[in-house]
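The values are calculated or read from the model by the stated rules, or taken from the named source; none is laboratory data. This structure is a prediction, so every number in the text was calculated from the model and none was measured. Every residue, glycine as well, gets a Cβ built from its backbone with ideal geometry; the counts of neighbours run over all protein chains shown. For the accessible areas, the whole protein counts, side chains as well, though only heavy atoms, and no ligand, DNA or RNA atoms are used. Shrake-Rupley method; radii C 1.70, N 1.55, O 1.52, S 1.80 Å.
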Amino acid sequence: MPTSSDRDQGEISHVEFRSLGATGLKVSVLSFGTMSFVGKQQSVIGTIELPEARRLVDRCLDAGVNLFDTLDVYASGESERVLGEALKGRRDRLCWNLKRA
């Protein structure tokens, strides 16, 4: 997990981290919600497809955010797929807050 003093790019994060219970994991106090990640689905919530999702996830990680929030019913599950693709190869750097409806 990245911390404010241990960043991949040597940058200092201005995001605050907290311990996640007794797990030893440090998670950012800010999380990024993915309800608007819809892939090719039509949605009144949002229209963010994979290229834009990657850009947003990159910005979050660059800022130090390592907690992403998703739910299995967002865009009929498409939100989780898009988030997974956007995070490919970097999943060891973050926590997911997965919920089930």
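Restricting to segment 27-48, what's the tally of residues that are modelled with pLDDT of 90 or more and open to solvent by 40 Å² or more (accessible area, probe 1.4 Å)?
Total satisfying the criteria: 5.
Are any residues in segment 30-60 in contact (Cβ under 8 Å) with a residue 40 or more places away in the chain and not in a loop (DSSP other than H, G, I, E, B), and if so, which ones?
Residues satisfying the conditions are 31, 37.
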